[in-house]
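Enquirer: Below you will find the structure I want to go over with you.
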Amino acid sequence: MSWWTDIRDSFEKVASFGTYDAKANREQQNMMNAQMKAYQEQTELAKKQLDEARATADVQKRRIEEKQIRSLRSRNRAQNTGMLGVGMPASDDLSTQLGG
């Protein structure tokens, strides 16, 4: 610590008649700062964990949705393949005359 700090501390002691302890006050302030920093770090860690959990849930949800879409597509393809070749041949649909 610098000699300015020592002078300030001694002046504060004289000004407050010895009831104010600057060193104890600084230590208390440092402890509060350390507690706030620890709280912020824990909060950030909790946020990261929640974000990771949400991302994992989103990935799982997308996988399930993709499986459902594939299943629906394959079912629709299976139904449509049975319809091919049923009905009138394409040549009967066409008219050789204009406007007909």
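Enquirer: Among Ala46, Leu72, Phe11, whose Cα projects farthest towards the positive end of the dipole of the range 3-76, with charges put on the beta-carbon of Lys, Arg (+1) and Asp, Glu (-1)?
Expert: Leu72
Enquirer: Between Glu12 and Asn33, how high is the FRET efficiency from 1/(1 + (r/R0)^6) when r is the Cβ-Cβ distance and R₀ = 22 Å? Nearest 0.05.
Expert: 0.65
Enquirer: Okay, moving on. Work out how much length Gln68 to Arg54 would gain on full extension: take 0.36 nm times their residue separation and subtract the Cα-Cα distance, in nm to one decimal.
Expert: The Gln68-Arg54 span can extend by a further 2.9 nm.
Rule-based calculations on the coordinates, nothing more; no lab input. This structure is a prediction, so every number in the text was calculated from the model and none was measured. No Cβ is skipped: glycine too gets one built from the backbone with ideal geometry, and neighbour counts run over all protein chains shown.
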